[in-house]
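Derivation of every value follows stated rules applied to the coordinates shown; laboratory data play no part. In this text the structure is predicted, and so the values were computed from the model without any measurement. Cβ coordinates were reconstructed from backbone atoms using ideal geometry, including for glycine residues, and neighbour counts include every protein chain displayed.
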Amino acid sequence: MISELWNILRVFRIFFGFFLLVSTSFAGVEIEVTGISNQRGDICVMVFSGKAGFPDDPEKALLKFFVPASKAKGGAVRIKVPDLKKGNFAFVALHDEDRNRKLKKNFLGIPKEGVAVSNYPKLRLPSFEKAAVRNPNGVLKLALSY
């Protein structure tokens, strides 16, 4: 009888541990960047977990990925993002044509390079709150605007 209780407890601990693991991370996040106009430079995808540096400072991004634009097929690339914990994240894609790791803007602050922000299809750059995605998973599409 006692050994049966221990076995039940052991199974419960394994099940509970698995539940915690599944509920705290999302392994299946993939960013698809579309609308790449040429093969110069790099496509940069940045993941932000807060306002700091958002939307155009790669140094303050939680994660950043650079893929040569020459790898684009049909004007698109896909980037797999490793596990993200639960929370709000904003995603930014930038076509860094001159590879200076900065978003070029004109004197009015309008981007001169291709840029896309999660949850925000307009050319103007939004706040972190407007761009944030809660508990992202699956494929997130970002269409560059030039």
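Assorted remarks:
- In the range 34-46, residue surrounded by the fewest Cβ atoms within 10 Å (Cβ to Cβ) [restricted to those that are more than 15 Å from the chain's Cα centre (by Cα) and not polar (S, T, N, Q)]: Arg40
- For Pro68: the one exception among (1) under 20 Å from Ile36 (Cβ atoms); (2) surrounded by 16 or more Cβ atoms within 10 Å (Cβ to Cβ): (2)
- Residue list for the range 47-57, restricted to those being buried (at least 17 other Cβ atoms within 10 Å of the Cβ) and farther than 16 Å from Ser145 by Cβ: Val47, Phe48, Ser49, Phe54
- Checked against the criterion of being in contact with a strand residue (DSSP E or B) (Cβ under 8 Å, 6 or more places away or on another chain), over 17 Å from Asp57 (Cβ atoms) and among the basic types (Lys, Arg), the candidates Lys85, Lys104 yield just one match: Lys85.
- Residues in the range 119-131 that are within 19 Å of Glu59 (Cα to Cα) and assigned to a strand (DSSP E or B): there are none.
- Selection count where residues are touching a helix residue (DSSP H, G or I) at 6+ places or on another chain (Cβ under 9 Å), without any contact (Cβ under 8 Å) to a residue 60 or more places away in the chain and at negative phi, scope the range 52-82: 4
- Residue match in the range 98-118 (condition: part of a loop (DSSP other than H, G, I, E, B), among the small types (Gly, Ala, Ser), in contact (Cβ under 8 Å) with a residue 24 or more places away in the chain and under 16 Å from Val45 (Cα atoms)): yes
- In a residue-by-residue description of the range 73-92, the property of being surrounded by 20 or more Cβ atoms within 10 Å (Cβ to Cβ) and in a loop (DSSP other than H, G, I, E, B) applies to no position.
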